[in-house]
1. For residues that are among the small types (Gly, Ala, Ser), within 23 Å of Ala102 (Cβ to Cβ) and in a loop (DSSP other than H, G, I, E, B), scanning just the stretch 1-29, find the one that is modelled with the lowest pLDDT.
2. Out of all the residues in the stretch 33-42, which are among the charged types (D, E, K, R) and either assigned to a loop (DSSP other than H, G, I, E, B) or loosely packed, with under 14 Cβ neighbours inside 10 Å (or both)?
3. Looking at the stretch 58-68 only, could you name the residues that are touching a residue at least 24 places away in the same chain (Cβ under 8 Å) and either in contact with a strand residue (DSSP E or B) (Cβ under 6 Å, 6 or more places away or on another chain) or surrounded by fewer than 20 Cβ atoms within 10 Å (Cβ to Cβ) (or both)?
Amino acid sequence: MKRCPSTACVASTNNPVFAESRWRLHPRVALRPERFGAMVYHYDTRRLSFLKSPDLVRLVEALEHHPSPRAAFDSCGIEARRWPSFQRALSTLADSSMIEPAEDSSSSTPTEASASDNRPTERQTLGTTGR
């Protein structure tokens, strides 16, 4: 894969994270904010990852609220010169199943949508024990 710092390269890559589709955190992933960014934990794979930038945390949280990653970049105010490093981070998160393509909410009924959202409850989020 050809690497270049231009935003045109970011938009033209074959990486599925940058297709014109919506992405979201996997339903079994929790984010724990930290001063450096956030810890990301996948409850199914038991994988722990670190987001090393508060901007990256904002971007990951914004993904599901925008029609494409590019729209999320724009809404978070991330400078175009920084996009390639964020693209690599999102690609890594996708490869490790921390983020996934979001289902089209118009294609599922409200019951299906709520049943498929197995996101950890507040007690299950990182840093809480529930004891």
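1. First pass over the stretch 1-29, keeping only residues among the small types (Gly, Ala, Ser): 6, 8, 11-12, 19, 21.
Of the ones still in play, those that are also within 23 Å of Ala102 (Cβ to Cβ) are 11-12, 19, 21.
Cutting the leftovers down to in a loop (DSSP other than H, G, I, E, B) gives us 19, 21.
Values: Ala19: 69, Ser21: 86.
Once the filter is applied, the top-ranked residue is Ala19.
2. Residues of the stretch 33-42 that are among the charged types (D, E, K, R), as a first pass: 34-35.
Once the filter is applied, which keeps residues that are among the charged types (D, E, K, R) and either assigned to a loop (DSSP other than H, G, I, E, B) or loosely packed, with under 14 Cβ neighbours inside 10 Å (or both), the stretch 33-42 yields only Arg35.
3. Of the stretch 58-68, the ones touching a residue at least 24 places away in the same chain (Cβ under 8 Å) are 59-61, 63-64, 66-68.
Listed by number, the residues that qualify are Glu61, Leu63, Glu64, His66, Pro67, Ser68.
Let's see how each residue does on (1) at pLDDT 95 or above; (2) in a loop (DSSP other than H, G, I, E, B); (3) surrounded by 13 or more Cβ atoms within 10 Å (Cβ to Cβ):
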residue: Leu31; (1), (2), (3): yes, no, yes
residue: Asp44; (1), (2), (3): yes, yes, no
residue: Leu56; (1), (2), (3): yes, no, yes
residue: Glu112; (1), (2), (3): no, no, no
residue: Leu126; (1), (2), (3): no, yes, yes
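The values are calculated or read from the model by the stated rules, or taken from the named source; none is laboratory data. Predicted model only: the values in this text are computed from it and were never measured. Backbone-built Cβ (ideal geometry, glycine too); neighbour counts: all protein chains shown.
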